[in-house]
Structures are given as C-alpha cells and as structure tokens.
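Scroll down for the structure; my scribbles are underneath it.
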4 protein chains.
Amino acid sequence: MIRVGLIGYGYWGPNLARNLADTDDMCLQAIADTRADRLDAAARRHAGVATAIDAMRVIASDDIDAVIVATPLGTHHRLAKAAIEAGKHVLIEKPLASSARDAAELVALAADRDVRLMVDHTFVYSSAVVAIRSLIDRGHLGDLLYVDSVRINLGLFQQDSNVIWDLAAHDLAIMDYLIDARPVAVSANGARLAGFQHENIAYITVHFANGFLCHFHVNWLAPVKIRQMVIGGQQRMLVYNDMDPSEKVRVYDKGVDFDVKDDQARRQILVSYRTGDMFAPHLDRTEALARVTREFADAIAGRRTPLTDGAAGLRVVTMLEAAERSLREEGRRIAL
Amino acid sequence: MIRVGLIGYGYWGPNLARNLADTDDMCLQAIADTRADRLDAAARRHAGVATAIDAMRVIASDDIDAVIVATPLGTHHRLAKAAIEAGKHVLIEKPLASSARDAAELVALAADRDVRLMVDHTFVYSSAVVAIRSLIDRGHLGDLLYVDSVRINLGLFQQDSNVIWDLAAHDLAIMDYLIDARPVAVSANGARLAGFQHENIAYITVHFANGFLCHFHVNWLAPVKIRQMVIGGQQRMLVYNDMDPSEKVRVYDKGVDFDVKDDQARRQILVSYRTGDMFAPHLDRTEALARVTREFADAIAGRRTPLTDGAAGLRVVTMLEAAERSLREEGRRIAL
Amino acid sequence: MIRVGLIGYGYWGPNLARNLADTDDMCLQAIADTRADRLDAAARRHAGVATAIDAMRVIASDDIDAVIVATPLGTHHRLAKAAIEAGKHVLIEKPLASSARDAAELVALAADRDVRLMVDHTFVYSSAVVAIRSLIDRGHLGDLLYVDSVRINLGLFQQDSNVIWDLAAHDLAIMDYLIDARPVAVSANGARLAGFQHENIAYITVHFANGFLCHFHVNWLAPVKIRQMVIGGQQRMLVYNDMDPSEKVRVYDKGVDFDVKDDQARRQILVSYRTGDMFAPHLDRTEALARVTREFADAIAGRRTPLTDGAAGLRVVTMLEAAERSLREEGRRIAL
Amino acid sequence: MIRVGLIGYGYWGPNLARNLADTDDMCLQAIADTRADRLDAAARRHAGVATAIDAMRVIASDDIDAVIVATPLGTHHRLAKAAIEAGKHVLIEKPLASSARDAAELVALAADRDVRLMVDHTFVYSSAVVAIRSLIDRGHLGDLLYVDSVRINLGLFQQDSNVIWDLAAHDLAIMDYLIDARPVAVSANGARLAGFQHENIAYITVHFANGFLCHFHVNWLAPVKIRQMVIGGQQRMLVYNDMDPSEKVRVYDKGVDFDVKDDQARRQILVSYRTGDMFAPHLDRTEALARVTREFADAIAGRRTPLTDGAAGLRVVTMLEAAERSLREEGRRIAL
C-alpha cells in the first residue's frame, strides 16, 4: 500500500483526494494546507486522514511514501525539491515548475534519488485524448497539418501567473503527448486587459520544422466556456469538443485531394475537397484523474517512468517560458 | 430607375442578381461573364436581361447607370477603373482591390468623376452586426477589451489569393465598422498546408494604441464551418455566432469588477467576476445583401457617400496588405 | 418541354416557381393567384410568365400541360378536379385534400383520365429522408421499434385547418414512405389554446399490429423551432434533426441485447445496453423541392406513377382524418 | 445534530451520502445495503460510518434520528413504514410508494407518529425549477397554456417497474410543484419494445379543467439523452433544457396576440405572433440534492412540513397509477 500525502486542498486538491480514495494500492494518509478552513472541510470528508498546516511535516513524515503537490505554481519547486530530497515519489499539478531551470533541477534530482517524478498533465489521461492518440497512431487522420485549440472562459484560476501558464499548459501538454515531432519555435501575442497585472488573453503559435503548425487561444475574459481543438489531417479531420457531454471527439472524413498538372503554358493546381461521413467514437467514462492516480501508483510499484514524467513536464515549461518571452518582445519568434 | 450592369455571375453574382430583382428603383439591365454556361443560367433565371461575354460592352453601354463588379479579386481594379472612367457608379465585391495602391487609385478616381464607389462589405449590413453596433453605441458593453473571431470552413472560394484576402476581409470589414479607433499595427502567422500555393490557414492580430486587441483565425482547411466572434467589454460580453439559426447575438451580463488595494506591505488586486443573465436580442430576417443593394441605390439617388465607401474599402485593403507582409516576415508587427 | 401553370403564389408557390426555373424539360408558363400584389411580385421575378387572378383561366389554357396547386387546403379538391378534368397532370401541395372522400375522388378521376396525380410530400425527397430509407433498407437499424417526431414552432401557416392537417401531414408522409407496414389505428390528444378556433397543439399516436409505435408532437405555439425525429431500431438508433446545418442524420450504434434466463426459482431478464460509436452519413445538398419537380417531370415524361402518388396522398389524408376524429373523442383509438 | 441512517447504496445512495457529508446539522451515522460490495465501497469513502446488511438494524437503532430510503420502489413502503413506526423521520427517494394506497398509508402513519415524511422530488430543488417557479409567480409567462416535456435516454434505472414510474415521476413532481391547479384526468399510450417485460416508452397527457395541458414523453430506448421541457405562456414561453451546461432556462419574449373581429358576413380571428428577445436568467450552481438534505434537516429541526411532503408524494403516485391504468386500457382518459 502506497501511503500518500497531499499538499494543497484548494481547487484541485479535493479532486485528487476523492480519486485517491478510489485508487487501489494507495491510501491517503495526510493532507496539508495553509488554510485552516480547507483542512476542516478535508477532515469532514476524509475521516481518519491526518491534517497539517505545515506541508513540511507531511513531506518529512516516515508514514508517507509519496507526495502530491497541488499548490500554487510558485511553490512547486520548493515543495517538490524537499519531497524528493526526503526520498518521496512526487506527483505535481501542471505545470511542473515556474521556470525551465527549476523544472530541470527537479528532473535531475529525481533521477539522482531514484524516485518517480510525475506531472499531472490531466488531459493526457482523458478518454478523448487517448482516443485521439490512437486515431493518429493508426493513420486515421493521415499526415497531420495543424492543431488549433481554443480554451477560454471567465475566471482566474491562478493568481500568481498569467493565462499562458494556467491554460496553455494544458494545450502544450496535450500537444506534447499527441505530436511526436519536436517544435522549433514559439511566438505569442496577448494583452493585460481590464487592469489585470498578468496577461489574461494570449494567442500562441508553435512552429515545427516541416510546416506543421499549432495555435492556441487562451483567455480568462470570455463570456462562454469553450474547450475545442481542431486537428487537421491530410486524410481526415477531427474536432475535440471537451464540453460536449456525449460526443467529445468527431472525426470528419473530409480532406483535400490535389493534383498538380504541368501544362506547357501554365502550372495549375486542381484542388478537390472530399466531404464525407462523420463519426464519433464511443469514449468510456473513466475520469481522467482516476487514470492519473492509477499511473502514479503503477509507476511507483513498477519502478518505471510514468507516462507524463519530469521530462514531459520540462518540455512544456520550456515552451511556456518561450511563449512568455515572445509576448514581451512583440510576438517575435523564439527558437526552442 | 437606376439601370444596373452586373459583371460576374459565379458564386456571388447570382445572389446579387436575385436581390436586385427585389430592389425598388433599380433594375438589372445586363449580366456579363466570361463563361457561356453561366450566362445561360443567368438568362434562364432572369428572362429579358441582356447577357454578354465581354464585360466592357456592359461597362461602356449607355443603357447602364451603375456597375456591380463580382469577379475574381485580380480583375477588380481594371473593371472598376473602366466603369468609373465611363461615368458609372460602382459597387465592388470585397475586398476593394488587390493592393492598397490600386484601392487608393479607385477612391481618387471616383472622387474626381463624382460617381459613387461602394464596396460590398456584406456583413456590415447584416441584422446581427447592425445590432452589435447599436449595443456598442448605447454603452451596453462598456469599454471594449478585445474582439476574437473564428471564420473557418472547408473549401477554397478564391483561387487567385490566400485565405487572408478571402476570409479575413470579412472580419476586418466588420471590425472597421464596429470599432471607431484606428489600429496601429498588424501581425500574422500562417501556413500553406497540404501543398497549396497560397496560405490556407492564418492567424491575424490587429493592435491598437490603447491595448485593445483584435484576433482573427481564418482557415480553408477546417472540417466544420465556424463563424463566431466574441467581443469582450468591461460591462458585458457578446458572442456573435452567425451559424446559429435563431439567436445569432448573445449578450452576457458578465464582466470583471476589480479593486486595487494598496497595502503597505504589498499590492494586491482583488478581482471579482460578475456572472449574470444572458439575453439575445431579436434580429429581423432581412437579408444583408438586400440592404447592400438598397444602400447602393440610396447613395446614388441621394448623391451621398455610401456607408461602406471606397475609403472603408481602402482601410481594409491596407490591413490585408500588412497582414500578408507580416506573414512573409515571421509574424513581425507591421505598423499601419 | 412540359408547360406548367402554377396556382397559388403565397408561402410555397415562390419556392415552386424558383425550382421550376431550374428544372430541365419544364417551363413555367403561367402563375395564378387571387391577390394582385402577389402577382406583381411574381411578374417581377419571372419576367415573361403570364399571370392571372382567375385560376380557371390557367387550368383551362391549351398552353398548359401540367398544373401545380399551391393554394389553401380547402381549395385543393376543386382546383385539382378541374385540372384533371381538363386533362392536365397535377401536382398538389400536401395534404392532397381536406377529406379522404375528396382525396379518393381525385385518385379515381386521375386514373380515369390517365393523367399523373402527385402530391408534394416534400420531405420524402429530402436527402436526409432518402438516406434514412436507405439505412432501413440495408438493415442498418435492425427491426424498427418506434418513431418519435417533434415538429413545433411559433406560427400558423394554414388558416383554414388545425395543426394536424398542417404539420402532422409532413410526419405522416415521411412515415408512409419509410415504413412498409400499414398502421391499424390512430389516437390523438390536443387543445385549442390561447383562443384559437382550431387545435394548435396535438399529440398523435399511430398504432401498428406488431407493437411498432409512431408518435408525433405538432405545435404552432412553441418558442423554438424543432424538427427532430428519433427512430429506434433493435440494432441501431437514429436521430434526424432537420435544423442541424451539417449533420442532419446521426446513427447511433446503440441498442439492447437481452438474455432471458429461466431460473427454477424465478424468471429474470438480463438486459445489457450497447453503447458504441455514432456516425453521420454525408448528405448531398440538393434541395428537396428540386427533386419534387424533377420527379413530376419524369413521371409525366415516362407515363409512370410518381413516388408520392395519389394513393400515398390518400393514405396520409385517411390518417389525418382519423387523428382529428380521435381528438374530438377524448383520444379514443380510431381503427383505420 | 441529526443522526441519519441511509438505506440503499446503489445508484442514488452514494449521491445522498456525499451531500449528507456536506450538510450542517446532519451526520451520516450508518449505511445499509443488501450487497456486501456496495458496503465495502461505502466504508472506504465514508470512514467511521457503520455499515449493515440488514436495513432493520439501522432503522431500529437508537443512534439514528432519521432514515433515508434509497432502495428499489417495491421496498419503499415496507422500509418507510418500519422507520416511521420506530419514530424516525423519513426521506424517501421518488416515487413515494408503488401504489396510492401504500402512499396514503405512509402519509397517515407519519401524521399519527408526528414525524417528518419527505419525498426526494429532486428536480423541485434544482436552481432551474426554482427559477421557473419564480418566473411564473411574477407573472412573467402570463397565463400558462401547456407544458411539454421530453425525458429520454438509453438505459434502465428501475428493474421492478416501467418507465412511467421511473422517469415520468420526475415530470409529474415538477408539474405538481409548478402548477397550482389540480389535474382532472390522465391518459397514456406506450409499448413494451424489444422484449422488455415492462413498458419502456410512454406518452402521458395530463388534462386540466381549464384546457391547460401537460404532455410527457418518457423513454428508456432513446439513443440520445434529452431532458427538455417547454412551457407555453400567453405572454412568454420558456424552454428548460437540463442538459445545457450554461443556460438551462431560456425565456422567449414570444407569444400570441389575437383580435377577434366580428364581421357581419363571417367571423375572422386575426392572429399576430410576437417574436422578441430571449433571455436566460443566471442560475446558481448549488446541487439540487444539497437543497434536498438541507430541507430535510430544516423540516426536522423546525418541526414543519417539508416542501415535498408525503401529500405531494401521494399526488404524484396517484397520477402514476392513473397513467399506468390508461396504458392498459388503450389510452382511455382516467379521471383523477
């Protein structure tokens, strides 16, 4: 039985605690949060679990094998570092750290201490994204042309960073999982609207060597909640609408066939669009977070690298950093 | 009665012809198209209207008071110039011309000959966009924060230019009508995917001096047709979904109230989000194009500047040109 | 060339006229309507077509081979009878007549005079309904279990009859086309709400011998326009949403597998639900009415029975009559 | 502190247990279920709560003040009767009992023992239904004309009864709460499709003295989940779509104005439809079940009748019984 300490019982912590209660081979041993009212709520829902104001008491405890960090981004590095140094396995809410340097240090440290370091790139474990990866792997979409994602809503979930570090972290994590090629540059535009101190709207373009393109619109000031990703492939195209209760992934048998005719007089490209059926694969209803805690438990038990390991977390943080830098430099393309 | 000659009976021409038949004070006198099969279809539907392969015959005819140009972009300048020089009033399908220089020449020429020059920025005449302008004018949205538009579908409507000149022309025309402030710079990213010779996906950001931001996603390679514009205001926010059959414009009583507290120790911004009712104003069902031909007739009869005059057309073409240049220069911000 | 006279240029007439203009082998020769303003509009749009206040002048004309009746229901029988007696082929807007007796008389008369009698069951010619018929024929849905349709909106399109004769006529025509079995009884409930003199809301159940069931909700007092039909099959189920711009027909690989176990102690039915993929077949965009005029022309030219002949029209009218009678008798089941 | 025993930890029980854990003044003391695996899951999630296979041990316990019955319908009467006789307050999952006789006995017994008897008509406590009641009370809709509800999905939630007792119980409970007038008769049509032993599709009409009409379509064999209620009013109309994540209630400023002109020659009703704005009131996100347990606690503490008391439960059961009888008698109207 892996004994888990949870640091942070704010927005995401209660979801982690609930899923831990249903994960075989794991048991939630202790919860830490700096706010007493949150600890009261935690105690009420999880009778018998120890609570602590001081995270370090949980991290240092001999009764704890693994630590889950679900605190604000600015504290990730410090808490994770302490946990790794205490020999604990660590699962960190995304993004891994607030700088590529910090992220790289955690990766190196975890390797050194031989503990599992995993980042909670939750969407990578959703039925929808798993199904999309499978469609890509089976060649169903053909060569990929572009990914376009819109992730907007009203509301601020991270007080200590901008919308890129909060929302685009999801898109970059999904992209990192779905796309095998590595990007070469990032550019971004955005603004601090309505008196905010951090950017609350941003547009990020991720460039690849072969012309493939990813674009992400992230926005904390939108009146409607949209979570929609379009993936264009040479053979088929796909729309992943995470807000759709029944058919999150729709695959369109649409594409482009073209034919270059080399006429003596002139070159003409004849384009014909294919417009065919649509299908929506059945997705099982397993909660993504249940698969996250399962993967963490399995990686620990099997002494193996988790799917979304520290290296994946570092790649995402590196792109986030580049996007932020481009934002400061008028959208200049930043090489990775 | 204003006697009209229509040049071009391809995609848009039949719609113009149909609306002309229902416009008081105007009558469709002649239709020109370089393709005989199109002229046959035109003759069948519009018995009694003269047809011609040679556009110049229509333009030069003494029986014609006004010319409507609905031909590929590359021919706009030549045809419009000839018509203006022949003393005809001219309505041109958007965009006005394929370069700012050509557009400016048409504007100057029309002023010189004292004929009406109008560009068919169709959406400006739609009930939805008219209603949005009215909401803005009445202060319903408060100070505007951003405009974000997605205009994507599968299919190529312009063979002689890229997706910016085709689709973004609509967004820039709407923006030009809705926003009184003048933009200061444009940047764009995009790609030529799937072997196309012109860009078929592009992301355009239009920058304003006061931080206000517009962003347009235009795409000819999308599996679904999306025509959605989000306008964020300090008081309320709005979603304009042109594909919604019944409620195209939805106004959300959502916004941001914030309160800056200057604490001795630190500055803290307390943000509170307002989440209230939504309402969708009733829109009349008049076809936008019926208002376009009406405005053209009224401007001619009243010897006045039409709402979407040559100057508006020139402003849009100037931004299109800047966007294309940014596309060629890795998304560099191009001053206007 | 089949020379056509159109009687009625109100709501549906202009659509018929427009489609006739695009139908090969047919030409619109004359339009009759009792209202002068409608004739003016007709003349404007269809230059060269004769117009008449008196329908009988068109019906009696030697220049006319076929008559299309698009007038209020109460006049169908009189006009169609006159046309048939004048030796003209007749296409009538649905429903065929206002009583089964009148409908039967038209059928007999047309047979006697050897002219084509066709009823404009428009939806039978839509791409969606044609695709559904094909899915059923290929056994894709398995044995059919039920059809449920909702056809509601705000607004009265027929002043001289109730909502059943207006809206349910569509559903019954679709059912008549899709379902080979013949119904055995009809029951209906409904009401005259808001002071109307005719029923404006009704619920109709059509009973079949084998337990198969059809139910139709028709309503002129609904705030939203819904046109949705669900067809349950043993193998798969289908939703036909006529308001969906892109995927009108969705086929769900959902169904029921059950297994009866005869236990000594008790009988237990184990039900398991299958929940699989969804697919939406591509539908071509041909307008249904274009296929209606095409079928009329082909039936005349080929001297053959049209798909929706008088007999189909009579079956629908018989069910409408039974539904109305059930409505008057507290929902009593009326045998057919 | 009200000490609660929960009987039944199947589909609905875990939701009740979760909400009890967050309800002030109440504590979950014991959980009973006949299945050991369910008790294991309960013990895991609710550490410290006693579990029992035998419901009677919980009911009889001195440590229990109130009992919640969340078991199959056939056991409601027996368990509730035992609990009331043991002097416990009782909250029962809908419907109250499987016959009007049983329901009435429970109501009388609870009055006799002076304990609170409440039925969990969950939707009555939803933000949407509360908002609708408020709109009706404020005269926003004007005189009500009809209620039409569709509640369909794939899947059987009650093994021991038909779809009416399962799904229509919700609609009748909502109707009982929203409509002050009492219905006079019920009629129903339906079928046992696909080899089921109970009806799995049914259409129920509830008749009122003044012409007002309610109709409910309930179906366990539908490929899509629909939860949509339309309420037509003389002034405005409303659509309540429980599946809409953001705007569940939409109020349409649509209606009918009519004007009866008494002409010498004939009576003519001139109908004009009003088509205006739509608005969607903001709904708070409180879970309905949290309000159910809150109301149960408050009724116990305040020694008052709960909102959905035994009498409401009895009214709903009486209508369910009448609907089932009509189903057996070819849709005959059954007086209440």
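The values are calculated or read from the model by the stated rules, or taken from the named source; none is laboratory data. Every value quoted in this text rests on a predicted model; they were computed, and no experiment measured them. Using ideal geometry, Cβ is built from the backbone for each residue, glycine included, and neighbour counts are taken over all protein chains shown. Only protein heavy atoms, including side chains, enter the accessible area calculation; ligands, DNA and RNA are left aside. Shrake-Rupley method; radii C 1.70, N 1.55, O 1.52, S 1.80 Å.
Summary table
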quantity	calculated
For A:I31: the one exception among (1) closer than 22 Å to A:V316 by Cβ; (2) part of a strand (DSSP E or B)	(1)
Test: D:A131 is aliphatic (A, V, I, L, M), in contact (Cβ under 8 Å) with a residue 60 or more places away in the chain, open to solvent by 10 Å² or more (accessible area, probe 1.4 Å) and under 30 Å from D:Q235 (Cα atoms)	yes
Residue that is polar (S, T, N, Q), at pLDDT below 95 and at negative phi, where the choices are D:N189, D:N210	D:N210
Per-region count, the stretch A:295-320, residues part of a helix (DSSP H, G or I) and open to solvent by 70 Å² or more (accessible area, probe 1.4 Å)	2
Subset of the stretch D:1-28 that is assigned to a loop (DSSP other than H, G, I, E, B) and more than 16 Å from D:V90 (Cβ to Cβ) - its residue that is modelled with the highest pLDDT	D:Y9
Any hit, the stretch C:114-128, residues being touching a strand residue (DSSP E or B) at 6+ places or on another chain (Cβ under 8 Å), open to solvent by less than 30 Å² (accessible area, probe 1.4 Å) and part of a helix (DSSP H, G or I)	yes
So C:I174, is it more than 29 Å from C:R274 (Cβ to Cβ), β-branched (V, I, T) and under 19 Å from the mean Cα position of the chain (by Cα)	no
Filter result for the condition that a residue is in contact (Cβ under 8 Å) with a residue 12 or more places away in the chain, touching a strand residue (DSSP E or B) at 6+ places or on another chain (Cβ under 6 Å) and surrounded by fewer than 21 Cβ atoms within 10 Å (Cβ to Cβ), over D:L28, D:L39, D:L20	D:L39
Residue check for B:I68: surrounded by 18 or more Cβ atoms within 10 Å (Cβ to Cβ) and within 21 Å of C:R45 (Cβ to Cβ)	yes
Candidate set: the stretch C:81-113, residues that are open to solvent by 60 Å² or more (accessible area, probe 1.4 Å) and acidic (D, E); chosen: the one nearest to C:T318 (Cα to Cα)	C:E105
Qualifying residue in the stretch B:161-184 (condition: within 12 Å of another protein chain (Cβ to nearest Cβ), outside any loop (DSSP other than H, G, I, E, B) and either buried (at least 23 other Cβ atoms within 10 Å of the Cβ) or in contact with a helix residue (DSSP H, G or I) (Cβ under 6 Å, 6 or more places away or on another chain) (or both))	no
Which numbered condition D:G233 fails, given (1) in contact (Cβ under 8 Å) with a residue 24 or more places away in the chain; (2) open to solvent by 10 Å² or more (accessible area, probe 1.4 Å); (3) farther than 28 Å from D:E330 by Cβ	(2)
Per-region count, the stretch A:240-251, residues open to solvent by less than 10 Å² (accessible area, probe 1.4 Å) and within 11 Å of chain B (Cβ to nearest Cβ)	1
Looking only at the stretch B:128-161, and only at residues there that are modelled with pLDDT of 95 or more and either among the charged types (D, E, K, R) or not assigned by TED's automatic domain parsing to the domain that holds B:R250 (or both), the one that is farthest from B:R192 (Cα to Cα)	B:R138
Given (1) basic (K, R); (2) surrounded by fewer than 18 Cβ atoms within 10 Å (Cβ to Cβ); (3) not in a helix (DSSP H, G or I), number of the condition D:R78 does not satisfy	(3)
Within the stretch B:34-69, considering residues that are part of a loop (DSSP other than H, G, I, E, B) and within 15 Å of B:A83 (Cβ to Cβ), the one nearest to the other protein chains (Cβ to nearest Cβ)	B:D63
Residue among A:R274, A:R285, A:R328 that alone is surrounded by fewer than 18 Cβ atoms within 10 Å (Cβ to Cβ), without any contact (Cβ under 8 Å) to a residue 12 or more places away in the chain and not small (G, A, S)	A:R328
The stretch C:187-212, subset open to solvent by less than 20 Å² (accessible area, probe 1.4 Å) and either in contact with an Asp or Glu (Cβ under 7 Å, 6 or more places away or on another chain) or among the polar types (S, T, N, Q) (or both), residue farthest from the other protein chains (Cβ to nearest Cβ)	C:N200
The stretch A:213-226: number of residues that are more than 8 Å from chain B (Cβ to nearest Cβ) and either open to solvent by 30 Å² or more (accessible area, probe 1.4 Å) or under 23 Å from A:R333 (Cα atoms) (or both)	5
Tally of residues being in a helix (DSSP H, G or I) and in contact (Cβ under 8 Å) with a residue 24 or more places away in the chain across the stretch D:81-101	6
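Conditions (1) touching a Lys or Arg at 6+ places or on another chain (Cβ under 9 Å); (2) assigned by TED's automatic domain parsing to the domain that holds C:A100; (3) closer than 30 Å to C:A168 by Cα, marked per residue:
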| residue | (1), (2), (3) |
| --- | --- |
| C:Y9 | yes, yes, yes |
| C:A17 | yes, yes, yes |
| C:D22 | yes, yes, yes |
| C:A32 | yes, yes, yes |
| C:A43 | no, yes, no |
| C:G48 | no, yes, no |
| C:D62 | no, yes, no |
| C:V67 | yes, yes, yes |
| C:A70 | no, yes, yes |
